Amino acid sequence: MNLAQAFESYERVRHRLPVAKAGASCTRLPDLDALADDMDVFLLDAFGVLNIGETAISGVPERIAGLQKAGKRVMIVSNAAGFPHAKLMEKYKNLGYNFAPEDVITSRKATLHALRNAPPMKWGLMATQSLGRGDIEPFDMVYLAEDPAEYDAAEAFVLLGSAVWTETRQALLEASLRNAPRPVYVGNPDIVAPREDGFSIEPGHFAHRLADQTGVEPQFFGKPFGNIFDLAFAQIDKIDLGRTVMVGDSLHTDILGGQAAGLKTALIAGYGFFAGHDVAGPIATSGIQPDYILQRP
C-alpha cells in the first residue's frame with residue numbers, strides 16, 4: 001500500500017473516527033526542541049517519531065533525553081498492541097530511549113483495561129503467537145488460524161496484531177461473524193504503519209473491512225479514540241491541556257486523537273507517514289489541522 005492508498009483508506013472510514021476541529025494554526029517549526037518553552041508534557045507516537053520499524057530516527061534519542069533532563073514529562077502514546085509490554089520496554093531501551101514502564105501507554109494497555117472490565121468470555125485472538133502471551137495470559141484466548149471451528153466457538157474476538165494474518169483467516173472471521181454477530185475488540189486502530197521499506201497493514205485495516213462486510217461495528221482501543229488518552233492522563237498530576245502536546249506522523253490517528261482529547265498537536269512531516277511528501281494537500285483534503293508542523297522529531 002502506498003501513501004495515497006493509505007490516506008484514502010483513512011478518509012473512507014471517517015464516519016467511525018472522531019470529528020476534526022478546524023482552526024488550528026499549522027505553525028511550522030524545525031523540531032521538538034522548538035516546543036520546549038511552550039509545553040510541559042510531550043505525548044509521543046512511536047513509529048514515525050521515535051523509530052521507523054526497528055531503527056531509531058537519527059538524533060531523536062538524544063533530543064528526548066534532553067527534554068527529560070529539562071524536566072519535561074515525556075511519554076509514549078502508541079498503537080503498539082502486538083508486543084507484550086515487557087518486550088516493548090526492551091525494544092525502546094535497545095533503540096536508545098529511557099522511559100519508565102508507566103510512561104509507555106499503548107493501545108494494548110487500553111484493550112487489556114477493557115478486557116478486565118468485560119464479562120469472562122472465550123476470545124478468538126488475532127496476534128503473532130511467536131511474541132508470546134505475556135500480559136494476555138489471564139484471559140481465555142485462542143489464536144485464530146485455519147480451523148473454522150475455532151472462529152465459531154469464540155464468544156468474542158480481539159485483534160492485536162496482523163503480521164501473520166491472511167486473507168483466508170479474514171474470510172473465516174467474516175463468515176463466522178455474518179453467521180453469528182459477536183463483539184470485536186480492536187487493539188490497534190491503525191490501518192497502516194510506516195516501516196523501513198513502506199507501509200505494513202495493521203489490524204485497523206481488517207477491522208474496518210469486517211464492519212463493512214458483516215455490519216458488526218468493532219470497539220476500537222487506541223488513537224484516535226479517547227480510551228488511550230484517559231490512561232495517559234491518569235499518569236499525570238494536574239494536567240494542563242494547553243501545555244500538553246500530542247506528537248505524531250499521522251493526521252487520522254495522532255492529530256485527530258490529540259484534538260479530540262483537547263491537546264495541542266504536532267505533525268511530523270519529514271518522517272513516517274508523510275516522509276518525502278508535502279503535508280499541505282492532505283491537511284486541506286482531510287480538514288485535520290495540527291497546531292504545529294515539525295520537519296523532524
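Values in this text are rule-based calculations from the coordinates and carry no lab data. What you see is a predicted model, and the numbers here were worked out from it, not measured in a lab. Neighbour counts run over all protein chains shown; Cβ positions are idealised from the backbone, glycine included.
Short version: ³J(HN,Hα) in whole Hz for each residue of segment 171-180, in order, from phi by Karplus 6.51 cos²θ - 1.76 cosθ + 1.60 (θ = phi - 60°), x for Gly and Pro, what are they?
Whole-Hz 3J(HN,Hα) from phi for segment 171-180: 5, 5, 5, 4, 5, 5, 6, 5, 6, 8.
Using amide H atoms built 1.01 Å from N in the peptide plane, name the residues 5+ places from Lys264, or on other chains, whose amide H lies under 5 Å from its own.
Close amide H contacts, sequence-distant or interchain: Thr244, Met246.
With an 8 Å cut-off on Cα pairs and a minimum separation of 6 or more residues, tell me the relative contact order of segment 60-144 in percent.
Relative CO of segment 60-144 lands at 31 percent.
Give me, ordered by chain and number, the residues 5 or more places off Gly222 or on other chains with an amide H under 5 Å from its own placed amide H.
Amide H neighbours of Gly222: Asn227, Ile228.
What are the residues whose amide H is under 5 Å from the amide H of Thr106, where those residues sit 5 or more places off or on another chain and H is modelled from the backbone?
For Thr106, the qualifying residues are Ser78.
What order, most packed first, do the peptides 236-246, 46-56, 21-31 have when packing is the mean number of other Cβ atoms within 10 Å of each residue?
46-56, 236-246, 21-31
Calculate how steeply helix 203-214 sits against the longest principal axis of the alpha-carbon atoms of the chain, using the helix alpha-carbon long axis, and give the answer as 0 to 90 degrees to the nearest 10.
For 203-214 against the chain, the angle is about 50 degrees.
Output the relative contact order of segment 117-220, whole-number percent, from Cα pairs under 8 angstrom with separation of 6+ residues.
Rounded, it is 25 percent for segment 117-220.
Round to a whole angstrom and tell me the spacing of the C-alpha centers of segment 170-226 and segment 107-155.
14
Please say if the chain is rounded, prolate or oblate, where rounded means a/c under 1.5 for a ≥ b ≥ c the square roots of the C-alpha gyration tensor eigenvalues, and otherwise the choice is prolate for a/b larger than b/c and oblate otherwise?
The shape class here is prolate.
Applying the Karplus parametrisation 6.51 cos²θ - 1.76 cosθ + 1.60 with θ = phi - 60° to the phi angles of segment 60-74, what ³J(HN,Hα) value in whole Hz is obtained for each residue in order, glycine and proline being reported as x?
3J(HN,Hα) across segment 60-74, in whole Hz: 6, x, 5, 5, 5, 4, x, 5, 5, 5, 7, x, 7, 7, 10.
In degrees from 0 to 90, rounded to the nearest 10, what is the angle of the helix 85-95 Cα long axis to the longest principal axis of the chain?
In the chain, helix 85-95 runs at an angle near 40 degrees to the longest axis.
So what's the angle, to the nearest 10 degrees on a 0 to 90 scale, between helix 107-116 and the longest Cα principal axis of the chain?
The answer is roughly 50 degrees.
For a protection proxy built on the mean count of beta-carbon atoms within 10 angstrom, sort 182-190, 269-277, 198-206, 257-265 highest first, please.
Per-residue mean Cβ counts within 10 Å order the peptides as 182-190, 257-265, 198-206, 269-277.
Output ³J(HN,Hα) for segment 33-41: one whole-Hz value per residue in order, computed from phi by the Karplus curve 6.51 cos²θ - 1.76 cosθ + 1.60 with θ = phi - 60°, and x for Gly and Pro.
These are the phi-based 3J(HN,Hα) values: 4, 5, 9, 4, 6, 9, 10, 9, 10 Hz.
Among Pro218, Ala127, Leu160, whose Cα projects farthest towards the positive end of the dipole of segment 117-220, with charges put on the beta-carbon of Lys, Arg (+1) and Asp, Glu (-1)?
Sorting the options by dipole projection puts first Pro218.
Would you calculate a helix-derived [θ] at 222 nm for the chain, using -39,500 (n - 2.57) for each DSSP H run of n ≥ 4 and dividing by the full residue count, to the nearest 500?
-9000 deg cm²/dmol
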